[in-house]
Amino acid sequence: MGEKGKRTLACFGINPSTASPAKLDGTTQSVKRIAEFNGFDGWLMLNIYPQRATLPDNIHKRKNTQAIIENEAIIHDLFEEMNIDTIWAAWGDLIEARKFFTPCLSNIYTKINHETLAWVRVQELTQKGHPRHPLYKPTESRFEGFDVEKYLS
């Protein structure tokens with residue numbers, strides 16, 4: 001979900017639960033505001049794992065391999081179609097909610113990784129070392145570089 005622009009930002013999170021293209025939730029409103037502040041006229045909210053639930057605890061306990069494969073293919077195609085060159089890492093500590101979330105992120109990284117992609121984050125990492133979730137971040141939040149390769153190793 002998002003809006004295509006001349007310069008579109010991709011934001012990776014986990015579980016933007018109540019959002020729809022017609023009605024943004026708090027998380028997607030934050031993504032849109034902060035993206036615009038940082039010079040992007042388009043944005044795209046993507047999930048590391050392809051399931052939304054009102055509560056993160058309701059996400060599958062076991063991974064759905066077919067859904068993961070389809071998610072990776074859709075993400076790859078969107079990156080090509082929308083000429084995305086910047087990715088906002090914004091999953092917060094939710095990445096620890098399921099053991100398969102980090103491998104999903106690693107697979108996505110492998111499928112889309114190329115030298116023209118910049119990974120960014122907002123504010124310092126959480127105490128657990130994860131890039132912060134966008135909810136409640138000020139509009140004036142500046143993007144900082146994020147070393148996703150180091151994070152995944």
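There is at least one residue in the stretch 122-143 that is under 22 Å from Gly5 (Cβ atoms), of a type in the set (Ser, Thr, Tyr), touching a Pro at 6+ places or on another chain (Cβ under 9 Å) and modelled with pLDDT of 95 or more. For the stretch 21-65, a residue qualifies if it is among the small types (Gly, Ala, Ser), buried (at least 18 other Cβ atoms within 10 Å of the Cβ) and under 22 Å from Asn83 (Cβ atoms), and the qualifying residues are Ala35, Gly42.
Exactly one residue among Leu117, Leu125 is out of contact with any strand residue (DSSP E or B) (no Cβ under 7 Å at 6 or more places or on another chain) and among the hydrophobic types (A, V, I, L, M, F, W, C), and that residue is Leu125. Taken over the stretch 41-74, the criterion of being in contact (Cβ under 8 Å) with a residue 40 or more places away in the chain and either in contact with a strand residue (DSSP E or B) (Cβ under 8 Å, 6 or more places away or on another chain) or of a type outside the set (Ser, Thr, Tyr) (or both) is satisfied by Gly42, Trp43, Leu44, Met45, Ile48, Pro56, Asp57, Ile59, Lys63.
Out of everything in the stretch 107-152 that is of a type in the set (A, V, I, L, M) and in a strand (DSSP E or B), what residue ends up being nearest to Thr27 (Cα to Cα)?
Val122
Here the condition is being of a type in the set (Lys, Arg), part of a loop (DSSP other than H, G, I, E, B), closer than 14 Å to Ile14 by Cα and at pLDDT 90 or above; of Lys61, Lys99, it holds for Lys99 alone.
Here is the figure for the stretch 5-42: residues that are part of a loop (DSSP other than H, G, I, E, B), within 19 Å of His76 (Cα to Cα) and of a type in the set (A, V, I, L, M) total 1.
The values are calculated or read from the model by the stated rules, or taken from the named source; none is laboratory data. Being a predicted model, the structure only gives us computed values, none of them experimental. Glycine also receives a Cβ, built like all others from the backbone with ideal geometry; neighbour counts cover every protein chain displayed.
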